[in-house]
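One structure is given below, encoded as structure tokens.
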Amino acid sequence: LLHGFNEYGLTWLRVAKELEQDYDIIMVDARGHGCSDGIASGFSSNLLVEDAAGVIRALNLDRPRIIGLSQGGSTVLRLAAMYPELVHSFIFEGWGDEARGGAIANSEGYQAWVNSWLAWLEQLKTMSHQERLVSALPQLLPTTGGSLWPEDEYVPMVEAYAQFDLDLARSSMQLWASTDKDDPAELLQRVTCPALIMKHAWAFPAPGTQPTLREVPSEQPHIRIVYFENTGHLIRRVAFEQYMSLVREFLRAH
């Protein structure tokens, strides 16, 4: 399981618990996240791919099935395109409109939010565990309706934020807005293994709307594309049951 920036990787434990009875689960912290090294030695899409390939080789994994969320989805897409011998199949959760994502990253509103988020992260490093749990309450995302999450999700989320590399956090906006990226559509054309692509719109869902799924035509028979309506980027948080049903169906088939 590969996650993206911490604000998007908040429900991995729940997904892992759902799958652990049928699969051996390995959860990988990307560089700059969790207990992995920071980014002093560099950070780029290619480095993340080499890190993932290194994990697979070091653990002698035989072409694992990989789920990647957000940045983790981009990593596994590149991994499957560059090293097809290492990947049996994969799920890319959170494929959004790259052009729209860049526009959001460059907007005044997003930049103001990032600056306040960075200030909070810097303070979080100096707090006790109890202080962190209180401090993180205003950071809950809109999809939660302002209610506190279950303890086994909320507490790991807060500690994950506290472990997040501040240098990576400070450069995240530039990384997201950068135009120096591989074309995901071109990379997908190079993929030869089965894949499930979960697409979405960037905006948070409007109040009262219900998440729905629709199939998107694919030119590659081994690639399945499903668009999640009314979820925004946080697909599993908003539509967990539909998400897990789709994941289980794909993993059983591939």
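The values are calculated or read from the model by the stated rules, or taken from the named source; none is laboratory data. Just so we're clear, the structure is a prediction, and the values are computed from it rather than from any experiment. Backbone-built Cβ (ideal geometry, glycine too); neighbour counts: all protein chains shown. Areas reflect the complete protein model, heavy atoms only, side chains present, ligands, DNA and RNA absent. Shrake-Rupley method; radii C 1.70, N 1.55, O 1.52, S 1.80 Å.
Please state the relative contact order of the chain as a whole percent: Cα pairs under 8 Å, 6+ residues apart?
On the way: 348 pairs, mean separation 55.7, N = 254.
Over the chain, the number comes to 22 percent.
What's the longest bit of the chain with no exposed GluC sites (Glu not before Pro), using DSSP loop states and at most 16 other Cβ atoms within 10 Å as the test? No qualifying site falls inside 21-218, the longest such stretch.
Heavy atoms only, probe 1.4 Å: what % of the accessible area of the chain goes to carbon and sulfur, would you let me know?
Working: 6460 of 12480 Å².
In the chain, the share of accessible area belonging to carbon and sulfur is 52 percent.
Toward the positive end of the charge dipole of the chain, with +1 on the Cβ of Lys and Arg and -1 on the Cβ of Asp and Glu, the farthest Cα among V191, I67, P150 is that of V191.
Could you give the dipole magnitude of the chain about its Cα centre, charging the beta-carbon of Lys and Arg +1 and that of Asp and Glu -1, in debye to the nearest 20? Rounded to the nearest 20 debye, it is 280 debye. Note on the chain: helix-only mean residue ellipticity at 222 nm, from DSSP H runs of 4+ residues weighted -39500 (n - 2.57) and normalised by residue number, equals -13500 deg cm²/dmol. Accessible surface area normalised per residue over the chain is 49 Å², counting heavy atoms of protein chains with a 1.4 Å rolling probe. Taking chymotrypsin sites (Phe, Trp or Tyr not before Pro) as exposed when DSSP calls them loop and at most 14 other C-beta atoms lie within 10 angstrom, the chain has its longest site-free stretch at 24-201.
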